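Written below as structure tokens is the structure these notes are about.
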Amino acid sequence: MAKLIIREIGDSDVDAVAALWGRCALTRPWNDPHADIAFARSTDNSAILGGWLDGLLVASAMVGHDGHRGTVYYVSVDPDHQGHGFGRKLMDAAEAWLRDRSVWKLNLMVRASNREVVDFYNSLGYEIEERVNMSKWLDSSKRPVSKD
Ligand SMILES: CC(C)(COP(=O)(O)OP(=O)(O)OC[C@H]1O[C@@H](n2cnc3c(N)ncnc32)[C@H](O)[C@@H]1OP(=O)(O)O)[C@@H](O)C(=O)NCCC(=O)NCCS
């Protein structure tokens, strides 16, 4: 089987990454993927990883830390390439990216509408922690009418 090559994306990969996130149903009307990618790439404490198979982008994740914990967003493997271990490799790369920066714990969120993906994270060693996740829109103009 071809090897998945994982690295931080470059400028020319941005459109393909945004399209991949869309194919994986991870984009929402209130999250402009191009803006999210640009923001993550604008600082040293976050990055966008891409995974290539024979030159084709098939996996991606946003990884970063806030000076305390690490996190991932937009963890995605192209639907045509799921179930071949690429998601596990992608998460290994995200964890390595954080370890390289001395981050020792990764917290991640799963949308309530996407609970089936919990089994994926379980098989990678992630555990559910009972927490109440709270948020506040600091720019109310970006607040969607409804969200999940
Ligand atoms: C979640 C996702 C990244 C998994 O990628 P993948 O390449 O199919 O996963 P892998 O093949 O590496 O699977 C790794 C392990 O997770 C398990 N797994 C993967 N998807 C699973 C699912 N839906 N239900 C149960 N187990 C699952 C696999 O069986 C495998 O277990 P094993 O190594 O013990 O055999 C991919 O399905 C995806 O992009 N989904 C849509 C986007 C999404 O929901 N992302 C997560 C947002 S929080």
Straight-distance crosslink candidates among aspartates and glutamates, where the alpha carbon sits under 16 Å from Lys136 and sequence neighbours closer than 8 are dropped: Asp148
222 nm mean residue ellipticity, helices alone, for the chain (DSSP H n ≥ 4; -39,500 (n - 2.57); rounded to 500): -7500 deg cm²/dmol
Selection of chymotrypsin sites (Phe, Trp or Tyr not before Pro), the range 1-48, meeting DSSP coil and at most 13 other Cβ within 10 Å: Trp30
18 Å Cα-Cα reach of Lys3 towards aspartates and glutamates, excluding residues that sit fewer than 8 places from it in its own chain: Asp54, Asp78, Asp80, Asp92
Carbon and sulfur %, accessible surface of the range 7-148 computed with the full protein complex present, 1.4 Å: 50
Trypsin sites (Lys or Arg not before Pro) within the range 118-148: DSSP coil, no more than 12 neighbouring Cβ in 10 Å: Arg131, Lys136, Lys147
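The values are calculated or read from the model by the stated rules, or taken from the named source; none is laboratory data. Treat the numbers as computed from the prediction; the structure is a model and nothing was measured. So basically every Cβ, Gly included, is an ideal-geometry build from the backbone, and we count neighbours across all protein chains shown. Surface accessibility is based on the protein's heavy atoms, side chains included, excluding ligands, DNA and RNA. Shrake-Rupley method; radii C 1.70, N 1.55, O 1.52, S 1.80 Å.
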